[in-house]
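> Encoded as structure tokens, here's the structure I'll be asking about.
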Amino acid sequence: MIENKLSITKSAVFYKNDSGCDTSEIIEKLMNLASSNKNKKDFVLDEINKKSEYKDINYKYSLRVFQVNKNVNFINDDEFIDLVYAYVLIIEINNYILVFSKNSLSISKELKEKFRLIKNIDFANILSDDVEYQKLTLRNMTISEKDIRSRAYEAHDLKGLLSLHSAGRSIPSYIKIKEGNKKISLSSVGRIIEDSERIDINSLVFWAKSKIDLLNNKNLKNSFISNFARSVDLNDILKNNKSKPVSILLEYHLIFEYIESVEDKIYKIKNGKYIEVTGRIRRIISNLMEKVYDLDLNGCCTSNTYRSWKSKTLCKDKLRTNKSGFSIQARALKLYYICKDGNYISIQELINKNKFFSVIFDNPSYMYFMGCCFQNNSNISEISNILDSMEAFDEINNVTSEKGEIKINSKNFESNSLFYLIEKIHAKKKDKYIFCDDLGDEWADHITINEKENSISFIHSKHKDTSNSASNLHDVVGQAIKNLGNIRFSKEQFLRKKKTLDGFYSRSKIHKVRRGNLDKLEADLDKVLKQHSLHRKCIIACSFLSKKSLEGEFNKLVSNNKYVRGNIVQLIWILSSFIHAAKESGVIPIIYCRP
């Protein structure tokens, strides 16, 4: 049987039948729609609502394999066609519906009207914390023409490297992870793709059931993904009058990428025929799509009015609210078409089916993107970022000054000073070189080189009495950020600084080389700087900060029901700016503090 010969990739969109209704009739209609681009030849395979079982998993499947005539887009002649095979496979396990397809018509809009889409965030939240995040595309919660709207990052593992500054205002639109030997991609349309060999239907069922079991496990929550904007129910926002739409942006890059992927032509109807538009019209359409459109209280566009040719009344483009979310109604977008697999659809239908638009609300905490609503999660992400960067030492409780009293005969900083403790900590860490660079043309209070772990550290210290005051941070954070430009020094630059380090601290016998042999510095420096594993750390040592105290204040802020003083919010943003600046420079930020 041909169904036993099917070999399909692990690439599916998951939906949930929350109502638990009988799906037989719905699935049959969806299969008819998905295969409506079939040519005149009979189905190669046509099985609808077939029940089956595999390894104690009861499931139902609907499968069609058929031929499709596709236009040859590089020859301007309708006589030339590509004959391709298409398939659509819908698998039902419990109340979950999985859709696998190739070359068939999109039924995503109709599926979302009947069932709940399992979003990429839903899958991301069930990932274990030990996965490696190799690629991440973020959509900022803005449609402003003055802001960066999207960012993309790629690394061996972004976790720990990516600055989470303002992550709460960022929506993950594409995620690629490595889990063991498996690579998994999660797209903004909800598709999960796992790199693997092609497999048969029973194996797909077994794979899908493993994902469903994870989705049903309510105890799973990924700590990295929880830093970003969180998904919320749009209906809850609208019904309870929490917020109203005020502006809309068409995601024109996504729209034109889609158009280019199918045929790269735009049509209009003239004398009953589809005619390709001129380059000038195409540019006009593109320019119109790039604009941000404001909405009135009724969801109507405030910037344009047109007269209906039927009723002769004045009309406006509009953002409509329906059961599955928003859709747009725009006169101009209904007049132009694209052709996919021989079927013409309006640009408006293309946009609505794929949800290629974003909406912002009068409450800037919310944004609607790619058919889903998100809420700003900034405080949570910033707090997590800060706590992860804090390294507490019991000995800091005994610190009473920054440097202690410096005397002419002093050979060390006083034992109860912060400078003395920093040198003690880094001697324990086996740093081969510890330099005191305080005063003069300083790069940091201390510079250390660890040959064993291939690291360079810039340490900036500040002592005050224990306090959560934000003002205490201004100087030390400012110095740290200012000197990030020096942390990627060359061998020649550091050897020039060597001259200033070969001496004593101001009016004392405290040698600036606190640990290490200057005679071997050039060779050691050359060796460290050539290591591919070399990493740099920017450390602020703040004896006035207590991790436990800050954690208590942060927990009040997260709970949303306890008073938090304004200086705590200021402190969050100052520390976040330090962490962000360091990570954006490829430097590891660390905060030394009290327990």
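> Got a sec to turn the phi values of the stretch 87-101 into Karplus ³J(HN,Hα) couplings, 6.51 cos²θ - 1.76 cosθ + 1.60 with θ = phi - 60°, whole Hz, x for Gly and Pro?
These are the phi-based 3J(HN,Hα) values: 8, 9, 10, 10, 10, 10, 10, 6, 9, 9, 10, 10, 10, 10, 7 Hz.
> Mind listing the long-range amide H neighbours of M390? Cut-off is under 5 Å, sequence gap 5 or more, other chains count too, H placed in the peptide plane at 1.01 Å from N.
The list, which skips near neighbours in sequence, is I591.
> While we're here: Which one of S415, L288, T500 has its Cα pushed farthest toward the positive end of the charge dipole of the chain, where Lys and Arg give +1 and Asp and Glu give -1 at the Cβ?
Positive-most Cα among the choices belongs to L288.
> Which residue, V84, G342, S358, has the largest displacement toward the positive end of the dipole of the chain when charges sit on each Cβ (Lys, Arg +1; Asp, Glu -1)?
Going by the charge dipole, the pick is S358.
> Just one of (1) 45.7; (2) 35.0; (3) 31.0 is mean projected area of the Cα convex hull in nm² calculated from these coordinates, so which is it?
The calculated read-out lines up with (2).
> Count the net charge of all other residues whose Cβ sits under 13 Å from the Cβ of Q329, scoring Lys and Arg as +1 and Asp and Glu as -1.
Around Q329, the charge tally is +3.
> Against the longest principal axis of the chain, how steep is helix 378-389, in degrees 0 to 90 to the nearest 10, with axes from Cα atoms?
Value to nearest ten degrees: 40.
> Going highest first, how would you order 512-525, 15-28 by mean Cβ packing within 10 Å?
Top of the packing list down: 512-525, 15-28.
> Still on this model: Mind ordering 480-489, 269-278 by average Cβ neighbours within 10 Å, highest first?
The peptides rank, most packed first, as 480-489, 269-278.
> For the stretch 381-594, give the magnitude of the charge dipole about the Cα centre (Cβ charges: +1 Lys/Arg, -1 Asp/Glu; no others), in debye to the nearest 20.
Here the stretch 381-594 has a charge dipole of around 320 debye.
> Here's something else I'd like to know. List the relative contact order of the stretch 253-402 as a percent without decimals, with contacts defined as Cα pairs under 8 Å and 6+ residues apart.
Dividing the mean separation by the residue count of the stretch 253-402 yields 14 percent.
> Count charges around I434 for me, please; just the other residues with Cβ under 12 Å from its Cβ, Lys/Arg as +1, Asp/Glu as -1.
Net charge in that neighbourhood comes out at +4.
> Count the net charge of all other residues whose Cβ sits under 15 Å from the Cβ of D296, scoring Lys and Arg as +1 and Asp and Glu as -1.
+1
> Further, regarding this structure: Could you work out how far helix 418-428 tilts from the main Cα principal axis of the chain, as a 0 to 90 degree angle to the nearest 10?
70 degrees
> How much mean residue ellipticity at 222 nm does the chain get from its helices, if each DSSP H run of length 4 or more adds -39500 (n - 2.57) and you divide by all residues, to the nearest 500 deg cm²/dmol?
Only helices count here, giving -8000 deg cm²/dmol.
> Give me the angle, in degrees from 0 to 90, between the Cα long axis of helix 279-289 and the longest principal axis of the Cα atoms of the chain, rounded to the nearest 10.
Taking Cα atoms only, the helix is inclined about 60 degrees.
> Using a simple charge model, +1 on the beta-carbon of Lys and Arg, -1 on the beta-carbon of Asp and Glu, nothing else, what dipole does the stretch 2-228 show about its Cα centre, in debye to the nearest 20?
520 debye
> Right, another one. Pairs of alpha-carbon atoms within less than 8 angstrom and 6+ residues apart define the contacts here; what relative contact order does the stretch 2-228 have, in percent?
25 percent
> Out of residues 5 or more away from I510 or on other chains, whose amide H comes under 5 Å of its own, with H placed 1.01 Å from N in the peptide plane?
Here Y505 satisfy the definition.
> Here's a follow-up. Under 5 Å between amide hydrogens, which residues at least 5 positions from I266 or on another chain qualify, with H placed 1.01 Å from N in the peptide plane?
When sequence neighbours closer than 5 places are left aside, the close amide H contacts are V277.
> Taking the Cα centre of the chain as origin and charging only Cβ (+1 Lys, Arg; -1 Asp, Glu), how large is the dipole, in debye to the nearest 20?
920 debye
> Another question about this same structure. Determine the percent antiparallel among the DSSP beta bridges restricted to the stretch 381-594, to the nearest 5.
40 percent
> If you average the sequence gap of Cα pairs under 8 Å that are 6 or more apart and divide by the length of the chain, what percent do you get for the contact order?
Relative contact order, the chain: 12 percent.
> Sticking with this structure for a sec: Looking at the chain, what % of its DSSP beta bridges pair antiparallel, to the nearest 5?
Antiparallel: roughly 85 percent of the beta bridges in the chain.
> Oh, and also: Identify, among S24, I192, I143, the residue whose Cα sits farthest towards the positive end of the charge dipole of the stretch 2-228, taking +1 on the Cβ of Lys and Arg and -1 on the Cβ of Asp and Glu, with the dipole about the Cα centre.
Most positive-ward Cα: I143.
Every read-out reported here was derived from the displayed coordinates using simple, explicitly stated rules and does not represent laboratory data. Worth saying up front: this structure is predicted, and the values here are computed from it rather than measured. All Cβ positions, even for glycine, are placed from backbone atoms using ideal geometry, and neighbour counts span all protein chains on display.
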